[in-house]
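K.L.:
Quick one: the structure is below, questions incoming.
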Amino acid sequence: MTTKHAVLSMLATAACLAATTSAHAASTTLDKIKSSGTLTLGYRESSVPFAYLGAEQKPVGLSMDLCAAVADKVKAQLNLPALKVAYTAVNASNRIPLIQNGTIDVECGSTTNTADRQKQVAFSVATFASQPSWLTTKATGITNAAGLKGKTVVVTQGSLNLALAQKISKEGSLDLTFIQAKEQAESLLMLRTGRAAAWFEDKILQAGLAAAAPDPKALTFLADQYGGNDYYGLMLPKDDAEFKAVVDGAIKEKMASGEFARLYAKWFTSPIPPNGQNLALEMSEALKARVASPSDALTP
């Protein structure tokens, strides 16, 4: 090789290295994962069937399966086949701070994508479309929201549904007293033990826990309905477009291949651990639309 050719080869190699470094430098999250060799996933302990503790007290659910696909995508992106995947339990109150301070890289749960939350974090394309509802016990004899007048009700800490429940109380002159539980399972416990007359939350989260409760037939939903759909997504660090593209890419591949529909059937229309309950919840038209055309938009 001539001296001229050797110099050109060295310059080309340097250019390639610079380009690679620049690409990774665009994502602080990918850089952090690469330097530590670890992807840390945050999970909920009782958000059935999205992320909850299964038979062996390990996190399972639709969001956990999607996060496993994200982990595979990150391994390929960083060319790190030995990438370690760590798991950290989070709750409704600390999930956003733990994303912001870098303790977790992705929250695998059931978090609603909202304009206010987008000021603090980012979200993947939508993975579910939900609506809130009241769950009560048949023993209360309450059949609609008006029957809650003057009662104590529970809302899980950090749930967006607190503001909506307060609005419902005010506009309906219900004079509700609100108490808050740290987790969804604790909210259900407060309802079952009579400390609250009703629990206001996304219906799918209530249905998942109610189906696994010792006395599911003692629980009943009120018929009242409120508003349109809210969209769930995996929660990510804000202002990291490259990392979001990796996460979105993993989910979009699942949706395009039909694997997302199979995962939905696995968790929503089939027996699930730990007790084999079947939520029997077919995919909504709102979610079908997002599977056909993935998006993180707040409205249809």
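K.L.:
What do you reckon, is SER159 under 27 Å from the mean Cα position of the chain (by Cα) and assigned to a loop (DSSP other than H, G, I, E, B)?
P.N.:
Numbers: under 27 Å from the mean Cα position of the chain (by Cα): yes; assigned to a loop (DSSP other than H, G, I, E, B): yes.
When the stated conditions are applied, SER159 passes them.
K.L.:
Looking only at region 161-192, which residues are of a type in the set (Lys, Arg) and in contact (Cβ under 8 Å) with a residue 12 or more places away in the chain?
P.N.:
To start, the set of residues in region 161-192 that are of a type in the set (Lys, Arg) comprises 167, 170, 182, 192.
Hits for region 161-192 are LYS182, ARG192.
K.L.:
Could you list, in sequence order, the residues of region 75-113 that are modelled with pLDDT of 95 or more, in a loop (DSSP other than H, G, I, E, B) and open to solvent by less than 20 Å² (accessible area, probe 1.4 Å)?
P.N.:
LEU83, VAL90, ILE104, ASP105, ASN113
K.L.:
Restricting to region 191-211, count the residues that are surrounded by fewer than 20 Cβ atoms within 10 Å (Cβ to Cβ) and among the hydrophobic types (A, V, I, L, M, F, W, C).
P.N.:
1
K.L.:
Quick check on my filter: what residues within region 276-290 are assigned to a helix (DSSP H, G or I), surrounded by 12 or more Cβ atoms within 10 Å (Cβ to Cβ) and more than 16 Å from the chain's Cα centre (by Cα)?
P.N.:
If we filter region 276-290 for residues that are assigned to a helix (DSSP H, G or I), which is where we start, we get 285-290.
Applying the additional criterion that residues be surrounded by 12 or more Cβ atoms within 10 Å (Cβ to Cβ) yields 286-290.
ALA286, LYS288, ALA289 - these are the residues of region 276-290 that are assigned to a helix (DSSP H, G or I), surrounded by 12 or more Cβ atoms within 10 Å (Cβ to Cβ) and more than 16 Å from the chain's Cα centre (by Cα).
K.L.:
Considering every residue within region 165-175, establish whether at least one is touching an Asp or Glu at 6+ places or on another chain (Cβ under 8 Å), surrounded by 15 or more Cβ atoms within 10 Å (Cβ to Cβ) and under 23 Å from LEU53 (Cα atoms).
P.N.:
No, the conditions are met nowhere in region 165-175.
K.L.:
Could you tell me which numbered condition ALA12 fails, if it satisfies all but one of (1) open to solvent by 60 Å² or more (accessible area, probe 1.4 Å); (2) at pLDDT below 95?
P.N.:
The failed condition is (1).
K.L.:
Oh, and also: Out of the residues in region 47-74 that are open to solvent by 60 Å² or more (accessible area, probe 1.4 Å) and either in contact with a Ser or Thr (Cβ under 8 Å, 6 or more places away or on another chain) or part of a helix (DSSP H, G or I) (or both), state the one that is farthest from LEU236 (Cα to Cα). Talk me through it step by step, then tell me what you get.
P.N.:
Step one: list which residues in region 47-74 are open to solvent by 60 Å² or more (accessible area, probe 1.4 Å), which gives 55-58, 72-73.
If we keep only those that are either in contact with a Ser or Thr (Cβ under 8 Å, 6 or more places away or on another chain) or part of a helix (DSSP H, G or I) (or both) as well, we get 72-73.
Details: ASP72: 16, LYS73: 15 Å.
Restricting to residues being open to solvent by 60 Å² or more (accessible area, probe 1.4 Å) and either in contact with a Ser or Thr (Cβ under 8 Å, 6 or more places away or on another chain) or part of a helix (DSSP H, G or I) (or both), the top hit is ASP72.
The values are calculated or read from the model by the stated rules, or taken from the named source; none is laboratory data. All values reported here derive from a predicted model rather than from experimental measurement. No Cβ is skipped: glycine too gets one built from the backbone with ideal geometry, and neighbour counts run over all protein chains shown. Surface areas here come from the heavy atoms of the whole protein model, side chains and all, with no ligands, DNA or RNA. Shrake-Rupley method; radii C 1.70, N 1.55, O 1.52, S 1.80 Å.
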